[in-house]
């Protein structure tokens, strides 16, 4: 569902309707926070620390948002956010300061295989190197195109031009598609047709190796935030899906959630882009045009997992990553497999699906998806080496009504200012946070964390 576009005059009229309540005395205001993910919990904690009375409204029956860790016989397994990306970010620093054990997760590839009707064959080192070189040329080509690209152009249009002008076909095209999948689709959780050409890959580069929290995100980061917030007197209301946010009254902000109404001097909004786009939450008055446009042109990527736990007898390639070139009948799935065996010592493989391939057709069952992933593994390593899994979990983030996707992307039509516009405060009443508002670490846990800090800092300054 697209949000309506407003004229400048209409936006100005809407803003004039918003009352300007007098600031409360320092620390005396009641603050509302929508969402108990990382950004919401961090904003709430910082506000509570500054003396505000804070109530967090969470639609789910637990905290964490798009961070969810499942306790299993194979140890903690992440359903959502998986890694701490790099070392130059606040989550990596926090983990060190609190002595949370980190497990290195490098990008070493265990194998690259191509599925065939009779099994699978390894991609030769020479061909893999040629594909890498070809992809590097595509990256340069795309960077050059961006200098004169229109905002409406898609990344796919740039890929198509490269393929056409270079006459790429046959094995070269297979290799190019494989590299696009592993480097772009899996990273951005979106197909090139859903990504802006002009603003693609314009985020600051992440430095340092990725890592995984040994105890899982929930038992460390989320538990820390929740416990610290409650110790400061903060309140978390669960099973309270927000349906309306009214910020045009002299009372400040009134939020309808779970059938009840909550009033505060101001509110921090951390709803995911997918939820904002869906229209399931209404704003009174309607959001101004700049905010509505930001929501429209920040797309929502989809990255789903089929998590498989096997008996110890299972055997597959060493290394963390297994790349697979699928059959046409695989519907674009079963390309990327992440092995935890070399990281946690447990025989667990995570099959990632991203972009359009991750939006499973209606009626697709978990059993069908598990069977598809297992069949792909058996095609690569033999049925004798891949027994039936003893544990499985299928995520469907695109169907979750409280996320409607995995993390934000910049969609075609964007002007490059969308994250800043989404983060902008509305009349000292609504403050916005979440990974989608971060320009430094978008689509990541560090981005969500920092956005919570930023929103709380703005609110505390405005209401001091």
Among residues of the range 123-136 being closer than 18 Å to residue 164 by Cα and in contact (Cβ under 8 Å) with a residue 12 or more places away in the chain, the residue surrounded by the most Cβ atoms within 10 Å (Cβ to Cβ) is 131
* If you go through the range 112-122 one residue at a time, do you hit one that is surrounded by 13 or more Cβ atoms within 10 Å (Cβ to Cβ) and without any contact (Cβ under 8 Å) to a residue 24 or more places away in the chain? -> yes
(request) Say whether the condition of being touching a residue at least 60 places away in the same chain (Cβ under 8 Å), surrounded by fewer than 17 Cβ atoms within 10 Å (Cβ to Cβ) and over 24 Å from the mean Cα position of the chain (by Cα) is met by at least one residue in the range 305-314. (result) yes
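The rows are residues; the columns are (1) within 22 Å of the chain's Cα centre (by Cα); (2) crowded, with 20+ Cβ neighbours inside 10 Å.
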| site | (1), (2) |
| --- | --- |
| 422 | yes, yes |
| 427 | no, no |
| 434 | yes, yes |
| 453 | yes, no |
| 456 | yes, yes |
| 459 | no, yes |
| 463 | no, yes |
All conditions in (1) outside any helix (DSSP H, G or I); (2) surrounded by fewer than 24 Cβ atoms within 10 Å (Cβ to Cβ); (3) touching a residue at least 24 places away in the same chain (Cβ under 8 Å) are true of residue 405 except (2)
The condition from (1) modelled with pLDDT of 95 or more; (2) more than 22 Å from the chain's Cα centre (by Cα); (3) assigned to a loop (DSSP other than H, G, I, E, B); (4) over 30 Å from residue 70 (Cα atoms) that residue 413 misses is numbered (2)
In the range 423-432, anything outside any strand (DSSP E or B) and in contact with a strand residue (DSSP E or B) (Cβ under 6 Å, 6 or more places away or on another chain) is listed as 423, 425, 429
| Any residue at all in the range 454-464 that is out of contact with any strand residue (DSSP E or B) (no Cβ under 6 Å at 6 or more places or on another chain) and under 30 Å from residue 155 (Cβ atoms)? | yes
Being touching a helix residue (DSSP H, G or I) at 6+ places or on another chain (Cβ under 6 Å) and more than 30 Å from residue 154 (Cα to Cα) narrows 213, 195, 276, 238 down to just 213
Going through the range 201-220 in order, the residues found to be surrounded by 21 or more Cβ atoms within 10 Å (Cβ to Cβ) and part of a strand (DSSP E or B) are 211, 213
Quick one: would you say residue 446 is assigned to a loop (DSSP other than H, G, I, E, B) and at pLDDT 95 or above?
no
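The values are calculated or read from the model by the stated rules, or taken from the named source; none is laboratory data. Values in this document were obtained by computation on a predicted structure and should not be read as measured data. When we count neighbours, we look across all protein chains shown, and the Cβ atoms used for this are built from the backbone with ideal geometry, even at glycine.
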